[in-house]
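Report on the following structure.
The values are calculated or read from the model by the stated rules, or taken from the named source; none is laboratory data. Values in this document were obtained by computation on a predicted structure and should not be read as measured data. Every residue, glycine among them, receives a Cβ derived from its backbone with ideal geometry; neighbour counts consider all protein chains shown. Just the protein is used for accessible areas: all its heavy atoms, side chains included, with ligands, DNA and RNA removed. Shrake-Rupley method; radii C 1.70, N 1.55, O 1.52, S 1.80 Å.
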Amino acid sequence: MSDRTIEVGVFVALMAVVVLAGFGAARWRAPDNPHTLEEWGVGGRAFGNWTIWFLLGGSMYSAYTFIAVPALTYGVGAIGYFAVPFAVITTPVTFIFTTKAWSVARRHGFLTHSEFATARFGSPGLGALVAVTGILATIPYVAVQLLSLQAVLRTVGFGGEWPLLAAVTVVSICTFRSGLRAPALLSIVKDVLLAWMLLTAVLMVAMYGGWDSAFDGAATRFAATPNPADGLLLPDTGHLGFLTLVIGSVLAIFAYPHALLGMLAAKDRATIRRNAAALPIYCMALAIMAMLGFFALSRGVRPADGDLNTVVPQMIHEFFPSWSAGIAYAALSVAALIPASVMSIAAATTFTRSLYRPYLRPNAAQATEAKVSRWVSLIVKFGAAALILAVDPAFSVDLQLIGGVVILQTIPTVLLGLITRWFHRAALISGLITGLAVGVVMLYLTPRLDGAGRTVAEHFGGSSWSLGDGRSIYVGIVALVVNLAVTVVVTLVLRVAKVPSGADETRPDDYLADADDPYMQRLDQLIDGLPRADDHPGRQREGVR
């Protein structure tokens, strides 16, 4: 039996187990009434410590992370390491802000950022704008997960379009049936497989001379390239771009709909805090994967057809034992399917709660909400698949960069809104639209350069804006600064003009509520995402309008 046959056999067998687990997830902790958006979208808000741990790792540390980060360190060196400090800084931000978001969402029955924006600033229009922005930013993010899956399938030997479409079809059926329970259960499988892949990788590096040898070999190869910006260390002109990319990535991850959805599935605040404290474990795994890019470069691994996304799969094929390579391929494939599923669920939930119900079916029943979300999740996944099949793969990666710039513009509303509602609702809308315009224009005007610094395309060449002196800055941060400036100025003008702002439907104690809070509503008491006004005498609330 050839090595390739063993690789493919192990990979197919493990993926079959994954599919069976995905179908069986519908019976895992099955509720009495599964036909509600609360159950399908956030698992009844009842996941405990271990389930949330695996779910967060599965949705936030995706295959694109484990494939693109080493691909970046392979291609450009130190700049690719931005993902490691980004992941480290994410931990305290999660600890502080996500608990607030969980509490106010749990007390009011929110499932999306846009519902919070509507209630916090008394503006359905702002909520709808946040919803549309989140959906538009999520679709390309789903696409790059599938792009990573496609790179793995190509390396295994399943070329063409049908393997990707078959994989998307299977995972779509699983999530259509099981909702968030499917990726939550499969995240456990993914982490077990990923742990084995990392152990094999560390042993592989040790067998070939250790990290010293890998760094020496990578430094030699970087020195031979015409690109002055690559290397094991950042150039003096690269610090600003690196720092702004880290900051922008930290802020963006919390604005994505899927990041909030995973957190809302937790049963209480303590679960969120414990998992936030443990997230650095994933940072260590990410750091090892980033260094594998240097190892692959030092050993002369060549990406298939020049696609850097295939660097890690090619390295696995060349250096792992055949049976262990099959395990690694399965780990990377599941790591692509899980976040794609969570992201599609989040986008579908956002559409249903913030666009479909308020504007199309105000009196939609809970079962109708769940049904619409199921079908929209299919549209999101197959739409993302069609996107990467219809355009150049390199451009598909750039779409994710556009998504990051886009989602950052919701930060004043969804993140700063957890702290203050000083901003006027009209100012937030003005700032968001202005930030989107500035960000997209800057991305459009950014040329694509080759390794020697020559222009190969006039537009959408990346997310770094050149300052003309060799330095660059992350486009998303520039757009966000403009967004904030417009928001502050317009707020001041409107307050001086005494233009009334919207009513705040939340209260200060909402942001500290826990699962045992006396005002926490049972799921069958939720109407339009908010408690009934007559459920708590003396604590009247108006519904979100």
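Looking at Arg471, Arg507, Arg495 in this structure, which one is more than 31 Å from the chain's Cα centre (by Cα), of a type in the set (Lys, Arg) and surrounded by fewer than 21 Cβ atoms within 10 Å (Cβ to Cβ)? After applying the criteria, what remains is Arg495.
Just to be sure, is Leu233 open to solvent by 60 Å² or more (accessible area, probe 1.4 Å) and either of a type in the set (S, T, N, Q) or not in a helix (DSSP H, G or I) (or both)?
Considered against the rule, which asks whether it is open to solvent by 60 Å² or more (accessible area, probe 1.4 Å) and either of a type in the set (S, T, N, Q) or not in a helix (DSSP H, G or I) (or both), Leu233 comes out as yes.
For segment 285-303, the tally of residues that are under 18 Å from Ser213 (Cβ atoms) and charged (D, E, K, R) stands at 1.
When Ala365 is tested against (1) open to solvent by 10 Å² or more (accessible area, probe 1.4 Å); (2) closer than 30 Å to Pro313 by Cβ; (3) small (Gly, Ala, Ser), just one condition goes unmet, and that condition is (2). Counting only helices (runs of 4 or more DSSP H) that sit wholly inside segment 100-192, those with at least 2 residues that are without any contact (Cβ under 8 Å) to a residue 24 or more places away in the chain and open to solvent by 30 Å² or more (accessible area, probe 1.4 Å) are 162-178. When Gly431, Gly502 are screened for being open to solvent by less than 20 Å² (accessible area, probe 1.4 Å) and part of a loop (DSSP other than H, G, I, E, B), only Gly502 passes. Among residues of segment 28-80 being assigned to a helix (DSSP H, G or I) and at positive phi, the one that is modelled with the highest pLDDT is Gly77.
Residues in segment 266-279 that are touching a Phe, Trp or Tyr at 6+ places or on another chain (Cβ under 7 Å) and either modelled with pLDDT of 90 or more or not in a helix (DSSP H, G or I) (or both) were compared, and the one that is least open to solvent (accessible area, probe 1.4 Å) is Ala266.
Within segment 3-26, is there a residue that is under 24 Å from Trp102 (Cβ atoms) and either open to solvent by less than 10 Å² (accessible area, probe 1.4 Å) or at pLDDT below 85 (or both)? Yes, the conditions are met somewhere in segment 3-26. Mind checking whether some residue in segment 215-228 is modelled with pLDDT under 85, in a helix (DSSP H, G or I), touching a helix residue (DSSP H, G or I) at 6+ places or on another chain (Cβ under 6 Å) and of a type in the set (Lys, Arg)? So far as segment 215-228 goes, no, none of its residues is modelled with pLDDT under 85, in a helix (DSSP H, G or I), touching a helix residue (DSSP H, G or I) at 6+ places or on another chain (Cβ under 6 Å) and of a type in the set (Lys, Arg).
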